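First the structure, in the form of structure tokens, and then the observations on it.
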Amino acid sequence: MRNFAGLPGARLAALCDADPQRLARSAAQVPGARAVARVEEIAADPAVQGVVVAASAVSHYPLAKLLLEAGKDVFVEKPLALTVEDAEALVRLARDRDRILMVGHLLLHHPGVRYLKDLVRKGDLGEIYYIYSQRVNLGKVRRDENALWSFAPHDLSVILHLLEAEPVDVAARGAAFLQEGVEDAVFLHLRFPGGPMAHVHVSWLDPHKLRKFTVVGSQKMVVFDDMEASEKVRIYDKGIDRAGQIVSYGDALSVRSGDIMIPKLSLKEPLRLECQHFVDCVREHRRPLSDGADGLRVVRVLAAAQRSLAAGGAPVALAGQPVGAR
Ligand SMILES: NC(=O)c1ccc[n+]([C@@H]2O[C@H](COP(=O)([O-])OP(=O)(O)OC[C@H]3O[C@@H](n4cnc5c(N)ncnc54)[C@H](O)[C@@H]3O)[C@@H](O)[C@H]2O)c1
């Protein structure tokens with residue numbers, strides 16, 4: 001709301017919350033906008049072109065469906081939906097109605113992730129060997145989704161974006177300590193076509209506050225640490241080089257530990273960039289960076305991970321397909 005109220009090219013026309021107290025609090029912050037309790041009123045308003053669905057995850061699918069059917073362009077917070085079938089239905093609906101469907105994969109709009117993607121695209125890191133990410137804190141414990149569905153969409157969207165592929169399989173182990181059946185901490189392991197692997201650790205029950213990716217390539221290694229105030233990306237010219245000809249085992253591998261580079265990044269707020277992107281896509285009727293297909297790919301991995309959790313960590317197979325570069 002804060003961002004949309006101040007963006008060029010858009011006017012915050014209305015806001016909706018089913019909770020009257022929350023609605024009143026929000027309405028006081030943007031007095032120019034209509035405040036309504038039922039989303040149907042927004043769906044029926046011909047002056048509204050695009051709608052942001054930032055309600056609880058269980059309501060993403062029904063709200064997005066209703067709004068797409070009403071002919072609106074829709075930005076849905078992550079995760080796009082809670083089942084693969086629902087996510088597929090939204091992608092189909094947006095395509096059939098020729099509407100924009102964008103998913104709140106916030107990190108794809110982050111200047112640090114954009115920089116990382118450029119490094120990978122240019123081949124600066126060499127072959128990607130593996131990626132791991134940590135998204136843990138002592139934070140908002142949810143009741144209607146576990147830590148996997150609440151946090152991992154961020155990590156998965158970045159990993160799929162960097163590797164431009166869906167995993168071959170996913171294995172997940174986790175545990176519910178605070179509420180029965182709602183995992184507080186989850187460890188995910190993914191294998192990708194051609195060899196790369198990824199590991200994701202998410203938790204809302206942890207003493208650390210970490211939001212960090214480490215990417216290990218054959219040429220260089222990169223750390224993206226979103227908790228750093230400004231120096232969020234560090235590129236390490238580190239690796240293990242192989243000797244050209246076969247010598248003794250001990251001489252064949254040499255450690256390279258070179259410079260560390262810290263690039264200057266834009267400090268623009270990622271959420272603002274994401275909101276501006278939605279406005280631009282609506283105005284120009286173009287495909288968002290994080291579109292419905294992207295949201296669906298992430299939901300597929302989450303759903304497979306949930307099955308693996310239920311099966312005690314047994315790997316669950318996925319398509320393992322490359323996806324188009326953007
Ligand atoms: N991208 C990010 O970094 C990020 C960060 C935080 C939250 N989120 C996402 O934003 C969404 C909201 O998160 P939150 O922490 O604000 O949740 P919240 O539970 O605090 O707020 C959700 C609000 O939606 C309202 N609501 C629920 N169903 C509704 C309906 N059918 N019609 C109208 N209003 C309805 C509730 O009354 C509540 O005020 C979630 O999907 C979450 O995953 C994303």
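The values are calculated or read from the model by the stated rules, or taken from the named source; none is laboratory data. No experiment lies behind these values; they were computed from the predicted model shown. Reconstructed Cβ throughout: ideal geometry from the backbone, glycine too, with neighbour counts over all protein chains shown. For accessibility, only protein heavy atoms count, side chains too; no ligands or nucleic acids. Shrake-Rupley method; radii C 1.70, N 1.55, O 1.52, S 1.80 Å.
Could you check segment 115-146 and list, in sequence order, the residues that are closer than 14 Å to residue 210 by Cα and either open to solvent by less than 70 Å² (accessible area, probe 1.4 Å) or within 14 Å of the ligand (Cβ to nearest atom) (or both)?
133, 134, 135, 136, 137, 139
Does any residue of segment 156-166 turn out to be closer than 19 Å to residue 316 by Cα, open to solvent by less than 30 Å² (accessible area, probe 1.4 Å) and within 15 Å of the ligand (Cβ to nearest atom)? Yes: segment 156-166 contains one or more residues that are closer than 19 Å to residue 316 by Cα, open to solvent by less than 30 Å² (accessible area, probe 1.4 Å) and within 15 Å of the ligand (Cβ to nearest atom). The set of residues from segment 84-102 being among the charged types (D, E, K, R) and closer than 13 Å to residue 297 by Cβ comprises just one member, 88.
Six or more apart or on different chains, Cβ atoms under 7 Å: show the pairs whose first residue is in segment 27-51 and away from the ligand (no atom under 12 Å from the Cβ) and whose second is part of a helix (DSSP H, G or I). Listed pairs, sorted by first residue: 30/5; 48/42; 49/282; 50/278; 50/282.
In the set 186, 200, only one residue is touching a residue at least 40 places away in the same chain (Cβ under 8 Å) and closer than 18 Å to residue 130 by Cα; that residue is 200.
Here residue 170 fits the description: buried (at least 22 other Cβ atoms within 10 Å of the Cβ) and touching a His at 6+ places or on another chain (Cβ under 9 Å). Residue 298 - would you say it is at pLDDT 95 or above, closer than 30 Å to residue 6 by Cβ and of a type in the set (Val, Ile, Thr)? It is true that residue 298 is at pLDDT 95 or above, closer than 30 Å to residue 6 by Cβ and of a type in the set (Val, Ile, Thr). Checked against (1) more than 16 Å from the ligand (Cβ to nearest atom); (2) within 28 Å of residue 280 (Cβ to Cβ), residue 105 passes all but a single condition, namely (1). The residue that is farthest from the chain's Cα centre (by Cα), counting only those in segment 92-105 that are crowded, with 19+ Cβ neighbours inside 10 Å and aliphatic (A, V, I, L, M), is 94. Of the residues 72, 65, the single one that is closer than 24 Å to residue 96 by Cβ, touching a helix residue (DSSP H, G or I) at 6+ places or on another chain (Cβ under 9 Å), within 12 Å of the ligand (Cβ to nearest atom) and open to solvent by less than 80 Å² (accessible area, probe 1.4 Å) is 65. So residue 308 clears everything in (1) over 30 Å from residue 181 (Cβ atoms); (2) hydroxyl-bearing (Ser, Thr, Tyr); (3) part of a helix (DSSP H, G or I) except one condition, right? Which one? In the conditions (1) over 30 Å from residue 181 (Cβ atoms); (2) hydroxyl-bearing (Ser, Thr, Tyr); (3) part of a helix (DSSP H, G or I), residue 308 misses (1) alone.
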